[in-house]
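To start, the structure under review is shown below, and the notes come after it.
The values are calculated or read from the model by the stated rules, or taken from the named source; none is laboratory data. This is a predicted model, so every value here is computed, not measured. Note that we place each Cβ from the backbone using ideal geometry, even for glycine, and neighbour counts take in every protein chain shown.
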Amino acid sequence: MKLVSVSTPVARRVFISILAASALAVALPQSAFAQADPLLGTWKLNLAKSSYVPGPAPRSITLNYQGAGANLTATADTIDPAGKSLRAVFMRIYDGQPHPTTGSPDYDASAYTRLDANTFIISRTKAGKLVEVDTQVISQDGKATTITTRGVTAAGMPANILQVYEKQ
């Protein structure tokens, strides 16, 4: 086996370029090479595929996720059954700790745990008391997300809600 000499100027430049590219690839965090977060963007509730126990269901919900990395801001714009507009804002910080949620009558804090790129567990509390646990799963094709909610309503009734959202 014959070794290649790097004594010529062209060979040295090629060798140094390869070394620099290798060093850069190792130095950058792997997240820089990851695909975009499938949660980012706007999602609309598909009422026909969703179920609300107890009802009634809202007239509409639009979710908008913005941000980068492990910390996102989610905004939920809801038209309730009576036609009233509500806006809730969530800080999606994936540390499992409760963070303030504004605009929701049912809870005032949310804690997020990301299990993988497409699966999340969300715990919601009101005045420090656990009121619901959600499981959110984004489809493999990234076109739908399903949120399954188990908990209690503000009136203390058991809640069993399935929400299906479609990416816009």
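Across the stretch 52-109, which residue is farthest from Ala159 (Cα to Cα) among those that are touching a Gly at 6+ places or on another chain (Cβ under 7 Å) and surrounded by 15 or more Cβ atoms within 10 Å (Cβ to Cβ)? Walk me through how you get there before you give the answer.
Filtering the stretch 52-109 down to residues touching a Gly at 6+ places or on another chain (Cβ under 7 Å) leaves 59, 65, 73, 86-89.
When the remaining residues are screened for being surrounded by 15 or more Cβ atoms within 10 Å (Cβ to Cβ), the result is 59, 65, 88.
Details: Arg59: 18, Tyr65: 25, Ala88: 19 Å.
This residue is Tyr65.
Looking only at the stretch 23-41, decide whether some residue is modelled with pLDDT under 75, outside any loop (DSSP other than H, G, I, E, B) and of a type in the set (Val, Ile, Thr). Working first, answer last.
Let us first name the residues in the stretch 23-41 that are modelled with pLDDT under 75, namely 23-35.
With the extra rule that they be outside any loop (DSSP other than H, G, I, E, B), the set shrinks to 23-27, 30-33.
Remaining after also requiring of a type in the set (Val, Ile, Thr): 26.
Checked against the condition, which is being modelled with pLDDT under 75, outside any loop (DSSP other than H, G, I, E, B) and of a type in the set (Val, Ile, Thr), the stretch 23-41 yields at least one hit.
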(request) Please state which of the following conditions Lys49 fails to meet, knowing it meets all the rest: (1) more than 23 Å from Lys167 (Cβ to Cβ); (2) at pLDDT 95 or above; (3) out of contact with any His (no Cβ under 9 Å at 6 or more places or on another chain). (result) (1)
(message) Looking at the stretch 77-97 only, could you name the residues that are under 24 Å from Leu47 (Cα atoms) and of a type in the set (Ser, Thr, Tyr)?
(response) Thr78, Ser85
(message) Can you confirm whether Ala82 is assigned to a loop (DSSP other than H, G, I, E, B) and either small (Gly, Ala, Ser) or in contact (Cβ under 8 Å) with a residue 40 or more places away in the chain (or both)?
(response) yes
(message) For the condition hydroxyl-bearing (Ser, Thr, Tyr), touching a residue at least 40 places away in the same chain (Cβ under 8 Å) and closer than 23 Å to Gly41 by Cα, what is the one hit in Thr153, Thr145?
(response) Thr145
(request) Would you be able to say whether some residue in the stretch 119-126 is surrounded by 13 or more Cβ atoms within 10 Å (Cβ to Cβ), more than 17 Å from the chain's Cα centre (by Cα) and of a type in the set (Phe, Trp, Tyr)? (result) no
